[in-house]
Amino acid sequence: QAFSLFVKGKEVPSAARCPGARWRCCRQAFAELPGIHRHVALHHGGDIGRAAAAAAATEESPARLHGPDSGPEICCALPDTSRLRQDELSSKVGEVLLYYCYCEVKDPEKLCAWQKALCQHLHLTGKVRVASEGINGTVGGSKVAVSLYIEVMLSQPLFKDILCQEDFKSSAGGAHCFPDLRVGVFKEIVPMGIDPKIVSYKETGIHLSPREFHREVEQYLSRASQGQSDTILLDCRNFYESKIGHFQGCLAPDIRKFSYFPSYVDENLELFRDKRVLMYCTGGIRCERGSAYLRSKAVCRDVYQLKGGIHKYLEEFPDGFYRGKLFVFDDRYAICSNEDIISACRYCGTLWDQYKLCSSQHCRQLVLTCPSCRSKGLTACCPVCQEKEIMVTARASGQTLKEECECTRRRTRVPIECVLQRTLDAGK
C-alpha cells in the first residue's frame, strides 16, 4: 500500500505530461511502470518502510482499508534497508531459497510487480512465478538479504496463516547462482500443462513429514526385497534430475519435462491400479499438482507425497535412502548431501555427476562429461551437437545453425512401463 501510494504521488498530471514522462522522481522521467517501480525499489526503500510503519501505527493497514469479504490485500511495502551497509546486501557469501505457496491471488500482476521490486531492493536474483493459484520462487542473495526476504514474505497478508518458516528450503549459494532476476505472471506456478481449474492443488495427496516418509520407504524396500510390495515409490522429476540422484527402489519416469507427467500417468494407468503411491520431487511443488492429477484418475488405493520434498528430507536424513546428488535449477546444477556418485560420464563411463551445458551454441541440454573427456574436446550432449559445434566454430562469426539434437529427437516422449518388469525390479 505504501509503495503504491508513493508511486502514485510521483505521477505527472495529465495536463502537464510530456511524451515519455508519466512519472517524475529524483529529477528523472519514467514512461513505463516497471521503470518507476525499479527506481523506487532501489532508492526509496527507507521512505516506503517508514510510510508503511506510520500507516500501521494509525491502524490504516490494507486489511482495514478493504472490506472483510474482499480477501487479503497485497501489501506492497518494502523493508527498510537504510541501516544496512551496501556490502551486507551484495555479499557473495549467501544462500539460495526455494519455496512455494498455493493460495488464491486476485491480482497476480500486482503481486508480480511487488515481488520484482522486493527482489531488486534486496539485490536478489533468481526466478519467481506468480499465478492466480499462488507463487513459486527460487532466489539467491546475501544471508542478510535472504533473511529479510523471508521475514517480509511471512508478514505479507496474502500468505498469512499459509506460508511458514519451514516452507523455505535453503542451501549455500548466493545471487551469483543465477544469471539474472526473472519475475513473471503465468497460468500455473509449476508448468504441468493442465488448467488449475481442472486439476487443483486443493485435491492433493496425503502429506508425509520427512520422518514419516522415511519409515514408509523403509517398509517399502523391505517388502519389495521379498517381492511382496503393493507400493510404488514415484519420482516426479525429469530424467536428468533422477539420473544423478534418487531414492533407492524408485520408479523414475524417463521424461524430459513435468508437462509430460499427465501423459505418462495416462499411458501407464495399469501400473498404478490398486497401488499405494509414495511421490516425491525436489521441494514438494510438483507433487502438489502431480498427486492431484493421479488421484483424479481414481485408480490408486492411496496417494502420499513427501512434504518439503527431497530438500527437507536431506536436512533430516543426509545418509538416508536418497543416494547421489540433488539437482537444482540454477548455475550450481546440484547440491550434495552424501558422497555417492550414481551416474557416469557420457563418453567414457567413469563415475561422474557434475553437469555442464552442451557446448553447441543452440542446445540447452545438460551433459555429463568428465574432465578427461572434456580435455579431449568431448563437450557436447550427442554426436550431432558435437559435429555442429565444430562446424559453427569453423564458420565466420554471426552464422548460426538450427539445433536438432539427436538425443532429444530419439528420446521417447512418454515411455510405457512394463508392469511385470517393474514388479521384478522392485523385488530386486
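Values as computed for the structure displayed
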read-out: Partner aspartates and glutamates for Lys116 [C-alpha distance under 15 Å; skip if fewer than 8 residues away on the same chain]; value: Glu32, Asp107, Asp180
read-out: Candidate residues Cys336, Cys345: accessible-area rank, largest first, probe 1.4 Å; value: Cys336, Cys345
read-out: Surface share of carbon and sulfur [accessible, 1.4 angstrom probe, percent] for the stretch 86-185; value: 50 percent
read-out: Estimated FRET transfer efficiency (Ser263, Glu387; beta-carbon r; R0 35 Å; 0.05); value: 0.65
read-out: DSSP bridge pairs, the stretch 206-339: antiparallel proportion in percent, nearest 5; value: 30 percent
read-out: Rounded to whole Hz, the Karplus (6.51, -1.76, 1.60) HN-Hα couplings of the stretch 367-376, x for glycine and proline; value: 9, 9, 9, 6, x, 4, 6, 5, 5, 8
read-out: Relative contact order of the chain, pairs being alpha-carbon contacts under 8 Å that are 6 or more residues apart, as %; value: 12 percent
read-out: Positive-end extreme of charge dipole, the stretch 206-339 - chosen from Gln305, Phe317, His246 (charges on Cβ); value: Gln305
read-out: Dipole moment magnitude, nearest 20 debye, the stretch 206-339 about Cα centre, only Lys, Arg, Asp, Glu C-beta charged; value: 220 debye
read-out: Helix-only mean residue ellipticity at 222 nm for the chain, each DSSP H run of n ≥ 4 adding -39500 (n - 2.57), per residue, nearest 500; value: -9500 deg cm²/dmol
read-out: Exposure ranking of Tyr201, Tyr313 by accessible area [1.4 Å probe, largest first]; value: Tyr201, Tyr313
read-out: Share, in percent, of DSSP beta bridges within the chain that are antiparallel, nearest 5; value: 65 percent
read-out: Degrees, to the nearest 10: 108-121 long Cα axis against longest axis of the chain; value: 80 degrees
read-out: Extension reserve of the His362-Glu203 stretch, reckoned as 0.36 nm per residue once the Cα distance is removed; value: 53.3 nm
read-out: The chain, accessible area per residue, ligands and nucleic acids excluded (1.4 Å, Å²); value: 49 Å²
read-out: For Leu181, residues with placed amide H under 5 Å, excluding near neighbours; value: Gly126
read-out: Theoretical FRET efficiency, 1/(1+(r/R0)^6), r = Cβ-Cβ of Cys18 and Phe317, R0 45 Å, to 0.05; value: 0.10
read-out: Candidate aspartates and glutamates for bridging to Lys297, where Cα separation is under 14 Å - those fewer than 8 sequence places away on the same chain excluded; value: Glu203, Asp266, Glu267, Glu270, Asp274
read-out: Spatially proximal aspartates and glutamates relative to Lys376 (Cα-Cα < 15 Å; intrachain offsets below 8 disregarded); value: Glu387, Glu389
read-out: Burial ranking of peptide ranges 407-416, 128-137 (average Cβ count within 10 Å, highest at the top); value: 128-137, 407-416
read-out: Rounded to the nearest 10 Å², the accessible area of Ser4 at probe 1.4 Å; value: 50 Å²
read-out: Above-threshold pairs, the threshold being 32 Å between Cα atoms, out of Lys106/Lys257; Lys160/Lys275; Lys106/Lys243; Lys10/Lys106; value: Lys160/Lys275; Lys106/Lys243
read-out: Potential lengthening between Arg27 and Gln219 on full extension [0.36 nm per residue; Cα-Cα distance subtracted]; value: 62.4 nm
read-out: Accessible area, probe 1.4 Å, largest first, for residues Cys25, Cys418; value: Cys418, Cys25
read-out: Note, ³J(HN,Hα) from phi for the stretch 326-333, Karplus 6.51, -1.76, 1.60, rounded to Hz, x at Gly and Pro; value: 9, 5, 10, 8, 8, 5, 7, 6
read-out: With 10 Å bins from 0: P(r) over the chain, alpha-carbon pairs, percent; value: 4, 18, 26, 24, 17, 8, 2, 0, 0
read-out: Amide H within-cut-off set for Ala334, under 5 Å, with H built and near neighbours excluded; value: Val328
read-out: In order through the stretch 269-286: 3J(HN,Hα) via Karplus (6.51 cos²θ - 1.76 cosθ + 1.60), integer Hz, x for Gly, Pro; value: 4, 5, 5, 9, 4, 6, 9, 8, 10, 9, 9, 8, 8, 4, x, x, 5, 5
read-out: FRET efficiency, 1/(1 + (r/R0)^6) with R0 35 Å, evaluated for Glu109 and Leu351 via beta carbons; value: 0.15
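The values are calculated or read from the model by the stated rules, or taken from the named source; none is laboratory data. What you are looking at is a predicted structure, and each value in this text was computed from that prediction instead of being measured. Positions of Cβ are backbone-derived with ideal geometry, glycine not excepted, and every protein chain shown enters the neighbour counts. These area figures cover heavy atoms from the full protein model, side chains too; ligands, DNA and RNA do not enter into them. Shrake-Rupley method; radii C 1.70, N 1.55, O 1.52, S 1.80 Å.
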